[in-house]
Amino acid sequence: MTGVRLAEVLGQGAAVRLLLRLNSRNRLPPILLLAGPPGSGRRTLARALTAALLCKEPVAGDACGHCESCRLVAQGDHPDVLATSHETEIASRKDEAERIREEFVLGAYDSPLMGERRVFIIHGIDHFLKSWSNALLKVLEEPPRGVTFLLTAGSADGILATIRSRAQIVRLAPLDHAALTAVLVRQGVPGNEAGQLASHGSGSHRGLRRLASAPLEPLRHLAQEGLRSEWVLAVLAALPTKVQGDGEEHGATLAMEQRATLKGWFAALAQELRRDLRDPQRGEAAADALGRCQAADRDLARNIAPRLVLEGFGLAALETQLRR
Ligand SMILES: [Zn+2]
């Protein structure tokens, strides 16, 4: 089973070594704040640390990766793990403070169901409203025995000082090129391609996921052959249907996520077209298509809906052909 061991977390060597050392000595503090930019792997690290904390047969502070507890953490089904939902940012403010009070504050005094410890994961605490933070303060001031709080944030700065002062801060660096490449290779992208993608993945897992899943085939058709609804539909069908990963920590809406995704795909296509510029056969067409990519990019920046952007992109290709 991959992905639940601290040793497998890529690109965060210093943080991982610190956490392994503390956990192997049973010295992890009850409140940890994982602070790093989006895409640095905060969620991956929080999950691996959760597995290490709950593992039935830990090895040198790390999870074994195959016991029942590790399996349940990997599936997101462990009964002693409580995490803030992906909907946190869009839930109504009053309801969320109430839910946090009930689940994370009152619930902290319940007994573990499987082992001796419970792990509460609270993502994006730097974006918490004051009322949510205040709801949490009481339990963070004096965490009940056997409960570990893992908080994540973009930086430690935006957090209520009273919370920050109680947490041990673990700082995560942005992933470097080698770590990004390794993440892609693990996702099944061939090595040489992974290196190239990593150079254009806007320095994060999220940027990379966008590129790795790009429906470049239909986009290429739209760029070269003009508007056909089946190609537009193929691209639209590949767009995300919910806000994912770190997005919801930053209040991203689905429309924002879709536009950002499409922007990434156009960037990947433009990258291909730039390679064609020097080709005597395809250079001119590539230059035209590149111009249309830039126009599509501007449309996206003006908040035009993905379908309209794609149709405009295909229509412009058609016009260019007719002029030739
Ligand atoms: Zn285990």
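The values are calculated or read from the model by the stated rules, or taken from the named source; none is laboratory data. Remember, predicted model here, so these are calculated numbers, not experimental data. No Cβ is skipped: glycine too gets one built from the backbone with ideal geometry, and neighbour counts run over all protein chains shown. Heads up: the accessible areas ignore ligands, DNA and RNA and are worked out on the full protein's heavy atoms, side chains in. Shrake-Rupley method; radii C 1.70, N 1.55, O 1.52, S 1.80 Å.
Farthest toward the positive end of the dipole of the chain, out of 113, 37, 185, is the Cα of 37, where the dipole comes from beta carbon charges about the Cα centre. Three principal axis extents of the chain based on alpha-carbon atoms, in descending order, are 75, 43, 32 Å. Diffusion coefficient (Stokes-Einstein, Kirkwood radius over C-alpha pairs, 4 °C, 1.567 mPa s) for the range 213-323: 91 µm²/s, rounded to a whole number.
Its DSSP H runs of at least 4 residues, each contributing -39,500 (n - 2.57), put the calculated 222 nm mean residue ellipticity of the chain at -15500 deg cm²/dmol, to the nearest 500.
With all protein chains kept in place, the per residue accessible area of the range 6-171 amounts to 47 square angstrom at a probe of 1.4 angstrom.
Close Lys pairs in the chain, defined as Cα atoms under 21 Å apart and 8 or more places apart or on different chains, number 4. Note on the range 213-323: with neighbouring protein chains present and a 1.4 Å probe, carbon and sulfur make up 53 percent of its accessible heavy-atom surface.
Ligands, DNA and RNA are left out, and with a 1.4 angstrom probe the accessible area of the range 261-324 is 58 Å² per residue.
When each full DSSP H helix of the chain is screened for a Cα extent of at least 15 Å along its own axis and an average Kyte-Doolittle hydropathy of at least -0.5, the helices passing are 13-24, 42-54, 130-141, 254-276, 283-301, 306-323. Sorting 73-81, 302-310 by average packing, meaning the other beta carbons within 10 Å per residue, from highest down gives 73-81, 302-310.
Hey, what's the Cα Rg ratio for the range 6-171 versus the globular rule of thumb, 2.2 N^0.38 Å? Expressed relative to 2.2 N^0.38 Å, the Cα Rg reads 0.97. Bridges between two residues of the chain, per DSSP, are antiparallel at a rate of about 5%. A simple charge model with +1 on the Cβ of Lys and Arg, -1 on the Cβ of Asp and Glu and nothing else charged puts the dipole of the range 213-323 at about 200 debye relative to its Cα centre.
DSSP beta bridges confined to the range 6-171 are antiparallel in about 5 percent of cases.
Once the Cα-Cα distance is subtracted from the 0.36 nm per residue extended length, the residue 271 to residue 71 segment shows a gain of 68.0 nm. Put a dot 7 Å past the Cα of residue 27, heading toward its Cβ, do the same for residue 142, and the two dots end up 2.7 nm apart.
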